[in-house]
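Student: Okay, handing you the structure first.
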Amino acid sequence: MDIISRAEWGARPPEGRDVTTWSKRTAFMGHYSAASATQTPRQIQDFHMRERGWADIGYNFLISSTSGAIFEGRGWLTVGAHCAGHNTPAIGVCIIGADKPNVQDVSDAARRSFKWLYEEANRRKGSKLTLLGHKDRGATACPGDEIYSWLKAGLPIVGQPTPAPKPPAGSKPAPGTPIPFPLPAGWYFGPASGPDYSVSGLYERYFRGRTDRAWLREWATQLGRRGWSVGKGRRWLGEHGNDGIYGPEYRALALAFQRDQRLRQDALIGVNTWTAAFTNPVT
């Protein structure tokens, strides 16, 4: 799954930051925002920083109760501010929504996203984290009866993902063999001015046995296979060619491809933009 980065949702810079290690992470804690499902992470961050005086948004991650979109909060190893006395051991994940404490409508998409985050945390930890609700460790109704019961049942998923739409008439399968997204979950190919998980190719880091430049070239080469005019002197990457260093030319190409495929237009090559190049039909 794709994690929407802080840069993508317009987060304010933190005013302070404490980090921990996976050896000290022992729990995964569910929360809800007890407000409208239309709340944004930025609104929650503003409330936490301005009204509560915290250094940043309190949660490590947030999930839309309707769409299931995952938003990066403080991230995996930054200590949160979601449960007093338990912020170092527990990763706090808030499901955005629920107008009333015990009247909730958490979509199957949100449940799948929460479960995926929990399983990803276990994978990174290398062992199983204790699954908790906020009220297990605090005097609160959070995360509400619906979410809490679901947590205690072990995160069962009843609904199935929406089937992929049928390819448009006149389309043909994507060329070549699909290549899985090579970066860690939540990372993307983007500008060097971004955070550590914005991989530009400038510093030649290795991921899954190849440099970031080689992977970025692979993505652009796949667009060439799909019929895009890519390379030095061509329509896209025309000045510097497919050099594997993210800059204005790769940004323009990514944005054009996202627009063509009706993806979120952020010019960052994350898991969805990468996968679309290798799997979406060519029309």
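The values are calculated or read from the model by the stated rules, or taken from the named source; none is laboratory data. Since this is a predicted model, take the numbers as computed values, not measurements. Glycine also receives a Cβ, built like all others from the backbone with ideal geometry; neighbour counts cover every protein chain displayed. Side chains included, ligands, DNA and RNA excluded: accessible areas come from the protein's heavy atoms. Shrake-Rupley method; radii C 1.70, N 1.55, O 1.52, S 1.80 Å.
Student: Given all pairs of different Cα atoms, what value in angstroms does the Kirkwood hydrodynamic radius of the stretch 70-156 take?
Tutor: 13.7 Å
Student: Defining a contact as two alpha carbons under 8 Å apart and six or more residues distant in sequence, what relative contact order in percent does the chain show?
Tutor: About 17 percent, as a whole number.
Student: Contour minus end-to-end for K24 and K125, with contour as 0.36 nm per residue of separation and end-to-end as the Cα-Cα distance?
Tutor: 35.4 nm
Student: On to the next question. Given a Förster distance of 35 Å, report the FRET efficiency between R52 and T279 from their Cβ-Cβ distance, rounded to the nearest 0.05.
Tutor: 0.20
Student: Also: Along the Cα→Cβ direction, 7 angstrom out, place labels at T221 and L255. What is the inter-label distance in nm?
Tutor: Result for the modelled spin labels: 2.7 nm.
Student: Taking a probe of 1.4 angstrom, what is the accessible area of K24 in Å², to the nearest 10?
Tutor: 120 Å²
Student: Only bridges whose two residues both fall in the chain count here: according to DSSP, what percent of them are antiparallel, nearest 5?
Tutor: 30 percent
Student: Right, something else. Taking the alpha-carbon distance from K152 and a cut-off under 18 Å, which aspartates and glutamates remain once sequence neighbours fewer than 8 residues away in the same chain are dropped?
Tutor: Excluding near neighbours in sequence, the set is D105, D108, E119, D136.
Student: Leaving ligands, DNA and RNA out of it, work out the accessible area of H48 with a 1.4 Å probe and give it in Å² to the nearest 10.
Tutor: Estimated to the nearest 10 Å², H48 gives 10 Å².
Student: Would you mind estimating how fast the stretch 1-73 diffuses translationally, via Stokes-Einstein at 10 °C and 1.306 mPa s with the Kirkwood radius over Cα pairs, in µm²/s?
Tutor: Rounded to a whole number, D works out at 119 µm²/s.
Student: Between R12 and A153, what's the calculated FRET efficiency when r is the beta-carbon distance and R0 is 35 Å? Round to 0.05.
Tutor: 0.45
Student: Step through the residues of the stretch 50-66 one at a time and calculate ³J(HN,Hα) from phi using the Karplus curve (6.51 cos²θ - 1.76 cosθ + 1.60, θ = phi - 60°), rounding each to whole Hz and writing x for Gly and Pro.
Tutor: Using θ = phi - 60°, the values come out as 7, 8, 9, x, 7, 6, 6, 4, x, 8, 7, 8, 9, 9, 5, 6, 9 Hz.
Student: Taking only protein heavy atoms into account and a 1.4 Å probe, give the accessible area per residue of the stretch 162-283 in Å².
Tutor: That works out to 54 Å² per residue.
Student: Heavy atoms only, probe 1.4 Å: what % of the accessible area of the chain goes to carbon and sulfur, would you let me know?
Tutor: 51 percent
Student: Using alpha carbon coordinates only, what is the Rg to Rh ratio of the stretch 1-156, with Rh defined as the Kirkwood radius?
Tutor: 0.92
Student: Based on a Kirkwood Rh over C-alpha pairs, give the Stokes-Einstein translational diffusion coefficient of the stretch 140-283 at 25 °C and viscosity 0.890 mPa s in µm²/s.
Tutor: Reported coefficient: 144 µm²/s.
Student: Give me the log10 of I(q) over I(0) for the stretch 229-283 at q = 0.15, 0.26, 0.27 Å⁻¹, as the Debye formula computes it from C-alpha points; what are the numbers?
Tutor: Listed by q, the Debye log ratios stand at -0.41, -1.08, -1.12.
Student: Report relative contact order for the stretch 171-261 in percent, whole number only (criteria: Cα-Cα under 8 Å, sequence separation at least 6).
Tutor: 23 percent
Student: Between G133 and residues 5 or more places away or on another chain, which pairs have amide H atoms under 5 Å apart, with H built 1.01 Å from N, and which residues are they?
Tutor: Amide H neighbours of G133, under 5 Å, 5+ apart: G30.
Student: What aspartates and glutamates sit close enough to K115 to cross-link, taking a C-alpha to C-alpha distance under 16 Å and skipping anything fewer than 8 places away on the same chain?
Tutor: Cross-link targets: D2, E72, E146.
Student: Now for a separate question. Based on the Cβ-Cβ distance from A35 to R234, what FRET efficiency comes out when R0 is 41 Å, to the nearest 0.05?
Tutor: Efficiency, rounded to the nearest 0.05: 0.25.
Student: With springs only between Cα atoms under 10 Å, which of A121, A267, A84 fluctuates most in a Gaussian network model of the chain?
Tutor: A84
Student: What does the extension gain come out to for S193 and D145, with contour length at 0.36 nm per residue minus their alpha carbon separation?
Tutor: 13.0 nm
Student: Also, quick follow-up: Stokes-Einstein at 20 °C, 1.002 mPa s, Kirkwood radius from Cα pairs: D for the chain in µm² s⁻¹?
Tutor: Estimated diffusion coefficient is 106 µm²/s.
Student: A follow-up question, please. Residue-wise, which Karplus ³J(HN,Hα) couplings in Hz belong to the stretch 35-48, taking 6.51 cos²θ - 1.76 cosθ + 1.60, θ = phi - 60°, and x for glycine or proline?
Tutor: 8, 5, 5, 8, 3, 10, x, 5, 5, 5, 4, 4, 5, 5
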